[in-house]
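Presented below is the structure to which this report refers.
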Amino acid sequence: MIRDLSCFRDKAFIDGAWIDGDAREAVTDPATGATIAEVPVLGADATRAAIAAASRALVQWRARPAGERADILMTWYRLMLDHQDALARILTAEQGKPLAEASGEIIYAANFLRWFAEEARRIDGEIIAAPRTNQRILVWREPVGVVAAITPWNFPAAMITRKVGPALAAGCTIIVKPAPETPLTALALAALAQEAGVPAGVLNVVTGDAAAIGGALMESAEVRKLSFTGSTPVGRMLYAQSAPTLKRLSLELGGNAPFLLFDDADLDAAIDGAMLGKFRNAGQTCVCVNRFLVQDGIYDAFVERLKARIEALVIGPGTEAGVTTGPLINAKAVAKVEQHVADALAHGGRLVTGGDRPEGLFLRPTLIADVPAEALVAREETFGPLAAVIRFTDEAEAIRMANDTEFGLAAYLYTRDIGRAMRVAGALEYGMVGLNDAAISTEVAPFGGIKASGMGREGSRHGIEDYVEMKYVMMGGL
Ligand code: ADP
């Protein structure tokens, strides 16, 4: 029972206290549909209380030496490692991914805390050569202030630490609104943050009504920045809502990742990359491959090899040993994948394997070849275990097809020709390119997109910039 775990919490966390609400809503296990917990449904009032707490806490938190903030983040990091199994069990229970993947996510998530604990001590200023001899120009780098984070359900731990880590490192305080599907991981992280010594009000987690919480966060002039990860439509709406108070924005939105496979590629590496890039988290990541663009000469071999690997995947509850593919998050997600499958077949796609739904929210990993460019799957993010393969002949055609989308998050490219690698990586209109490697997510690199995939970068030394303002001080009369 996840309820017996020491970091399990089923109340919201505001100003260092665990808060209940008049109404509660169920958190369900997508593998079984069973209710595993209930969390408070809070709204605008609780959100305003969290903003007020974050504003009060900001005064002392930003004034603390960076080394002290770093030590607290590092303690939180170690507590996450100590509770890795418990956190993974909570995550799988509410999100569905296999336990091994959930354990991996806990490490990945914790790594952001360690990374930003290290970066906290290097938020340095500048001295600029002044135009007159009796002047000095100083540039200070200060925290932006109170920050709001709105996070999705597909990485319930990592999407929080990659925002809270840099915020706290920079001296900001934060209010997190986790996805309603996965609040328990967020609350467990808050419990460990409290244990690590994060002061009251510095981190708040508000569960409940997305529109009411989001509305209160967006209308508040005290909230100086929003970091959002989620769908492009909601991102656009939050962008508009942030206009009256002119908030800083980091938006990590949808993608439509192409995977370009050239005849000269190492097919073994490409197949491994294809499986990781497509089927991790049952295809529910924003950097998941949506379109396999494959050159004529390697096309048949790729489809054949991918088919065999897909058929070896094991569907089932994430808690069962050997399972590689858990359920999708909800019925809407299943319906979208089924729509993309039906549409691709209706457009003349060839079903190679899968295509059926065993039961509940489980979908059979599916491969469709010869998909035409007009099919929905070629244009919209599928967010599920459907691999669509599209044929191309030459490099220019592949680049044109890859860029023919409003999105620009991740792209993958497999080739052993160094000239082609550099040409194509340069031509891809994306924020991230995996060249002969699909494992692109790491705390040390700048993660983020362009075009309708959003703005801002998370991770790396650049990830801290979104949480820092510059103040220029002209010292005259020296
Ligand atoms: P998905 O469709 O994958 O759930 P969303 O963009 O709807 O993606 O959700 C991402 C996050 O945005 C979640 O935390 C969700 O609750 C939140 N969200 C959805 N609608 C709103 C809204 N109107 N205001 C603020 N947050 C919202």
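What follows is calculated from the coordinates using simple rules that are stated; it is not laboratory data. Keep in mind that what you see is a predicted model, and the values were worked out from it rather than measured. Cβ placement follows ideal geometry from the backbone for every residue including glycine, while neighbour counts extend to all protein chains displayed.
Could you pull out which residues in region 295-320 have an amide N less than 13 Å from a spot 7 Å beyond the Cα of Asp356, following the Cα-Cβ vector? Counting backbone N atoms under 13 Å from the label point, the list is empty.
Amide H to amide H, with H built 1.01 Å from N, Thr28 comes under 5 Å of Ile36, counting only residues 5 or more places away or on other chains.
Pop the C-beta distance of Ala373 and Asn436 into the FRET formula with R0 = 30 Å and round what comes out to the nearest 0.05. Don't skip to the end; give the middle numbers.
Working: r = 25 Å, r/R0 = 0.84.
Efficiency for this residue pair is about 0.75.
Checking the cross-link pairs Lys11/Lys332; Lys97/Lys225; Lys163/Lys247 against a 24 Å limit on the alpha carbon distance flags Lys11/Lys332; Lys97/Lys225 as lying beyond it. The dipole here belongs to region 7-135: it is taken about the Cα centre, uses +1 on the Cβ of Lys and Arg and -1 on the Cβ of Asp and Glu, and is about 620 debye. Exposure proxy shown here: for Phe302, Phe407, the number of other Cβ atoms within 10 Å sets the order, fewest to most, as Phe302, Phe407. Across all directions, the shadow cast by the convex hull of region 354-446 built on its C-alpha atoms averages 7.7 square nanometres.
Run the dipole for region 340-472 about the Cα centre, Lys and Arg Cβ at +1, Asp and Glu Cβ at -1, nothing else charged, and hand back the magnitude in debye, nearest 20. If you can, show how the numbers build up before the last one.
On the way: 13 positive and 20 negative charges, 51 e Å.
So the dipole magnitude of region 340-472 works out to roughly 240 debye.
Computed from point charges on the beta carbon alone (+1 for Lys and Arg, -1 for Asp and Glu), the dipole magnitude for the chain about its Cα centre is near 1480 Debye. Beta bridges per DSSP, both residues in the chain: antiparallel share near 40 percent. Relative to the longest principal axis of the Cα atoms of the chain, the long axis of helix 183-196 makes an angle of roughly 40 degrees. Think of region 1-159 as a dipole: +1 on every Lys or Arg Cβ, -1 on every Asp or Glu Cβ, centred on the Cα centre; then among Ala53, Val144, Met74, Val144 lies furthest on the positive end.
For region 1-48 and region 308-349, what is the separation of their Cα centres, given in Å? Region 1-48 and region 308-349 have Cα centres separated by 29 Å. Across the chain, counting alpha-carbon atoms alone, Rg and Dmax equal 23.1, 78 Å. A crude spin-label estimate for the pair Ala210 and Arg122, with each label 7 Å from Cα along the Cβ direction, gives 3.7 nm. For the pair His462 and Ala312, the difference between a 0.36 nm per residue extended length and the Cα-Cα distance amounts to 50.0 nm. In plain terms, the residue of Met455, Met432 with the fewest other Cβ atoms within 10 Å comes first and the most crowded comes last, giving Met455, Met432. With a Förster radius of 45 Å applied to the C-beta separation of Asn134 and Arg56, the computed FRET efficiency comes to 0.65. Couplings for region 342-354, taken from phi via the Karplus curve 6.51 cos²θ - 1.76 cosθ + 1.60 with θ = phi - 60°, read 4, 5, 5, 5, 5, 8, x, x, 10, 6, 9, 7, x Hz in order; Gly and Pro are left as x. Between region 151-207 and region 399-478, the alpha-carbon centres lie 25 Å apart. Model label sites at Glu38 and Ala240, defined 7 Å from Cα along the beta-carbon direction, differ in position by 3.5 nm. Each residue of region 360-373 was assigned a 3J(HN,Hα) from its phi angle through the Karplus expression (A = 6.51, B = -1.76, C = 1.60, θ = phi - 60°), giving x, 9, 8, 10, 6, x, 10, 10, 10, 9, 6, 7, x, 5 Hz with x at Gly and Pro.
FRET efficiency for Ala321 and Leu345, Cβ-Cβ distance as r, R0 = 35 Å, nearest 0.05?
0.55
Extending 7 Å from the Cα toward the beta-carbon at both Met470 and Arg305 defines two label points whose distance is 4.8 nm. For Val468, the residues whose amide H sits under 5 Å from its own are Val144, ignoring neighbours fewer than 5 places away on the same chain, with H placed 1.01 Å from N. Counting 0.36 nm for each residue step from Ala26 to Ser231 and taking away their Cα separation leaves a gain of 71.5 nm. For region 204-210, putting each phi into the Karplus relation 6.51 cos²θ - 1.76 cosθ + 1.60 with θ = phi - 60° gives couplings of 10, 10, 10, 9, x, 6, 4 Hz, in residue order, rounded to whole numbers and with x for Gly and Pro. Ranking Met470, Gly434, Leu409 by Cα position along the charge dipole of region 400-471, where only Lys, Arg, Asp and Glu carry charges on their C-beta atoms, puts Gly434 farthest toward the positive end.
Positive-end ranking of Leu192, Ala335, Val27 along the dipole of the chain, with charges on Cβ about the Cα centre, is headed by Leu192.
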